[in-house]
1. Just give me the residues in the range 105-129 being of a type outside the set (A, V, I, L, M, F, W, C) and within 13 Å of the chain's Cα centre (by Cα), in sequence order.
2. Give the number of residues within the range 81-113 that are part of a strand (DSSP E or B) and of a type outside the set (A, V, I, L, M, F, W, C).
3. Can you find even one residue in the range 48-58 that is part of a strand (DSSP E or B) and either surrounded by 15 or more Cβ atoms within 10 Å (Cβ to Cβ) or β-branched (Val, Ile, Thr) (or both)?
4. What number goes with the only condition from (1) surrounded by fewer than 17 Cβ atoms within 10 Å (Cβ to Cβ); (2) in contact with a strand residue (DSSP E or B) (Cβ under 8 Å, 6 or more places away or on another chain) that THR20 does not pass?
5. Go through the residues of the range 94-113 one by one and say whether even a single one is loosely packed, with under 14 Cβ neighbours inside 10 Å, closer than 24 Å to LEU34 by Cβ and either free of Cβ contacts under 8 Å to residues at least 24 places away in the same chain or out of contact with any Leu (no Cβ under 7 Å at 6 or more places or on another chain) (or both).
6. What is the residue count in the range 59-72 for residues that are of a type in the set (Gly, Ala, Ser), surrounded by 13 or more Cβ atoms within 10 Å (Cβ to Cβ) and in contact (Cβ under 8 Å) with a residue 24 or more places away in the chain?
7. If I ask for residues that are assigned to a strand (DSSP E or B) and on the phi > 0 side of the Ramachandran plot, which ones from the range 25-47 would you list?
Amino acid sequence: MEAQAVDLRLFDTHPTNGDTRKPTLWLHADIGALEEQNIWSFQKARAVIYGRSQDDPEITLEAGSGRFQEAKMAYLKDGVKVHVGKMDLELADFEWINDDRLGRTDHPITVRSDDLQLTASSMRLYPDKRQIEMTNASGMMRIERGR
C-alpha cells in the first residue's frame, strides 16, 4: 500500500497517569509505503523529536528516505540534516530508538554553527539530557573571552 502525505508518530512508552500521551517523534513524508506489518518506507521526510518537557526545544530533521517501525524506531537516510538549536548537523543516516529516547549514527557527521565546525566518525544524541556525544571529533570552536 502506497500513500502520499503520510504522518507517522512514535509515542513515549512510559505510563502517563491519565495525562495525554505525547509523541517522542513525528514524521511527515511526501510518499510512504506500508512494506510489511508495522514497517513503513518513506521518501522526502521531515521529522521532529520532542523533549519530555514542554520547555525542551524541538529537534528537526530532513531526509531523502528511510524506514519507520511502529512503536520502535525511525531510520532516516539520504542527505540527513538535523537542526539542534543553533547547530546544523549533516549525516549519512540517523536512527531514533524510541524506547531509549536515543538518536544515533555510526557514520561520519559534520556539525556547524556560528562558533564551531566539527567532524566526527559517529554520534549519540540524548535530547532529554541536551547532550550530544561524538567519537573521533575534530575541528574548530570559537571561545570568546569573558569581560
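1. Here is the first cut: in the range 105-129, the residues of a type outside the set (A, V, I, L, M, F, W, C) are 105-108, 110, 112-115, 117, 119, 121-122, 124, 126-129.
Matches in the range 105-129: THR105, ARG124, TYR126, PRO127, ASP128.
2. Looking only at the range 81-113, we keep the residues that are part of a strand (DSSP E or B), and these are 81-84, 87-97, 102-105, 109-113.
Next, from what is left, pick out any that are of a type outside the set (A, V, I, L, M, F, W, C): 81, 83, 88, 90, 93, 95, 103-105, 110, 112-113.
The total comes to 12.
3. Looking only at the range 48-58, we keep the residues that are part of a strand (DSSP E or B), and these are 48-49.
If we keep only those that are either surrounded by 15 or more Cβ atoms within 10 Å (Cβ to Cβ) or β-branched (Val, Ile, Thr) (or both) as well, we get 48-49.
Within the range 48-58, one or more residues are part of a strand (DSSP E or B) and either surrounded by 15 or more Cβ atoms within 10 Å (Cβ to Cβ) or β-branched (Val, Ile, Thr) (or both).
4. (2)
5. Checked the range 94-113: at least one residue is loosely packed, with under 14 Cβ neighbours inside 10 Å, closer than 24 Å to LEU34 by Cβ and either free of Cβ contacts under 8 Å to residues at least 24 places away in the same chain or out of contact with any Leu (no Cβ under 7 Å at 6 or more places or on another chain) (or both).
6. As a first pass, look at the range 59-72 and keep what is of a type in the set (Gly, Ala, Ser): 63-66, 71.
Within this subset, residues satisfying the condition of being surrounded by 13 or more Cβ atoms within 10 Å (Cβ to Cβ) are 63-66.
With in contact (Cβ under 8 Å) with a residue 24 or more places away in the chain added as a condition, the list becomes 63, 65-66.
Count: 3.
7. So the first thing to find is which residues in the range 25-47 are assigned to a strand (DSSP E or B), and the list is 25-36, 39-47.
The one that is assigned to a strand (DSSP E or B) and on the phi > 0 side of the Ramachandran plot: LYS44.
Each row is one residue, and each column tells you yes or no for (1) at pLDDT 95 or above; (2) in contact with a Ser or Thr (Cβ under 7 Å, 6 or more places away or on another chain); (3) farther than 19 Å from VAL6 by Cβ.
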site: ASN38; (1), (2), (3): no, no, no
site: TYR50; (1), (2), (3): no, yes, no
site: PHE68; (1), (2), (3): yes, no, no
site: ASP78; (1), (2), (3): yes, yes, no
site: VAL84; (1), (2), (3): no, no, yes
site: GLY103; (1), (2), (3): yes, no, yes
site: ALA120; (1), (2), (3): yes, yes, yes
site: MET140; (1), (2), (3): yes, no, yes
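The values are calculated or read from the model by the stated rules, or taken from the named source; none is laboratory data. Because the structure is predicted, anything quoted here is derived from the model rather than measured. Methodologically, a virtual Cβ is constructed for each residue, glycine included, from the backbone with ideal geometry; neighbour enumeration extends over all protein chains shown.
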